[in-house]
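What follows is a single structure, written as structure tokens, with notes after it.
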Amino acid sequence: LNIAVAAPFSGNEAFIGPRFLNGVRVAVAKINADGGVLGKKFRIVTADTGGDPVDAVPAIAQIIATQHPVAMLGPSSLTIISVDKQLNQDQIVDITMGGTTQLDHMHFPFIYRTTPSDSQMGVAMAYYGTQKGYKKAALVFGSNSSAQTLDAPVKDTLQKHGVTVVADSKIVPDQSSYRSEIEKILAAKPDVIYTQLDPQTASTFYSEMQQ
């Protein structure tokens, strides 16, 4: 039985694919070691969405046509909306990972989400800060769509609790330096910084902020 992992294995979000795949490998190894499903073993096949909604459509169509997966893990928030109708039409059970708010009112019976919506996570992030007594906040989210859906819920919740947003910076991922952005953020003297950045961007950002 083929089980597909659809995720970005290339492009700016290429760090996501191996994480999805490693988790599926652990599960498949355990299931197969215990005899599989109805006497059949799982085999993993992959589709590279490139983290791009346009590229995801042919990639997933091809793996469905050639590998006939019984289920699919992924894609992520970046691309699920471009293929959700296709997956539901083909009646492939899909477990997607990602908090995009575009899935908040989805009614496709074959698609499941394992992560909370950014509309919930953003509220929780902001509420935690208000309980800590922070009154001035900076928002530092990547300019990519997967991070931007967190920006509005965090900002709205902070404002409802009387917290002032003193800086709202949209960071372009994977740049060589963020020194100018950091200087502006720190000059605003926030009590707290709310953020979501990919690993490479975060490494550069935090290193320079520490300096």
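The values are calculated or read from the model by the stated rules, or taken from the named source; none is laboratory data. Here the structure is a predicted model, which is why all the values come from computation and not from measurement. Please note: Cβ atoms are built from the backbone with ideal geometry, for glycine as well, and neighbour counts cover all protein chains shown. Only protein heavy atoms, including side chains, enter the accessible area calculation; ligands, DNA and RNA are left aside. Shrake-Rupley method; radii C 1.70, N 1.55, O 1.52, S 1.80 Å.
Looking at (1) open to solvent by 20 Å² or more (accessible area, probe 1.4 Å); (2) under 30 Å from Ala152 (Cα atoms); (3) in contact with a helix residue (DSSP H, G or I) (Cβ under 8 Å, 6 or more places away or on another chain); (4) not aromatic (Phe, Trp, Tyr), which is the only condition Val83 fails?
Here Val83 clears every test but (1).
Tally time: how many residues in the stretch 134-172 are open to solvent by less than 10 Å² (accessible area, probe 1.4 Å) and among the aromatic types (Phe, Trp, Tyr)?
1
Please go through the stretch 102-114 and pick out each residue that is open to solvent by less than 50 Å² (accessible area, probe 1.4 Å) and either polar (S, T, N, Q) or assigned to a helix (DSSP H, G or I) (or both).
Result: Leu103, single match.
Exactly one condition in (1) in contact with a Lys or Arg (Cβ under 6 Å, 6 or more places away or on another chain); (2) assigned to a loop (DSSP other than H, G, I, E, B); (3) not hydrophobic (A, V, I, L, M, F, W, C) is not met by Gly99; state its number.
(1)
Here's the yes/no breakdown for (1) at pLDDT 90 or above; (2) hydrophobic (A, V, I, L, M, F, W, C):
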| site | (1), (2) |
| --- | --- |
| Asp48 | yes, no |
| Leu73 | yes, yes |
| Thr100 | no, no |
| Met121 | yes, yes |
| Ala126 | yes, yes |
| Gly129 | yes, no |
| Val140 | yes, yes |
| Asp156 | yes, no |
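Kindly state which strands (runs of 3 or more DSSP E) lie completely within the stretch 1-76 and contain at least 3 residues that are within 21 Å of the chain's Cα centre (by Cα), without any contact (Cβ under 8 Å) to a residue 60 or more places away in the chain and on the phi < 0 side of the Ramachandran plot. I'd like the intermediate steps shown before the answer.
Details: elements: 2-7, 43-48, 71-76.
Because the criterion is at least 3 residues that are within 21 Å of the chain's Cα centre (by Cα), without any contact (Cβ under 8 Å) to a residue 60 or more places away in the chain and on the phi < 0 side of the Ramachandran plot, the strands (runs of 3 or more DSSP E) in the stretch 1-76 that meet it are 43-48.
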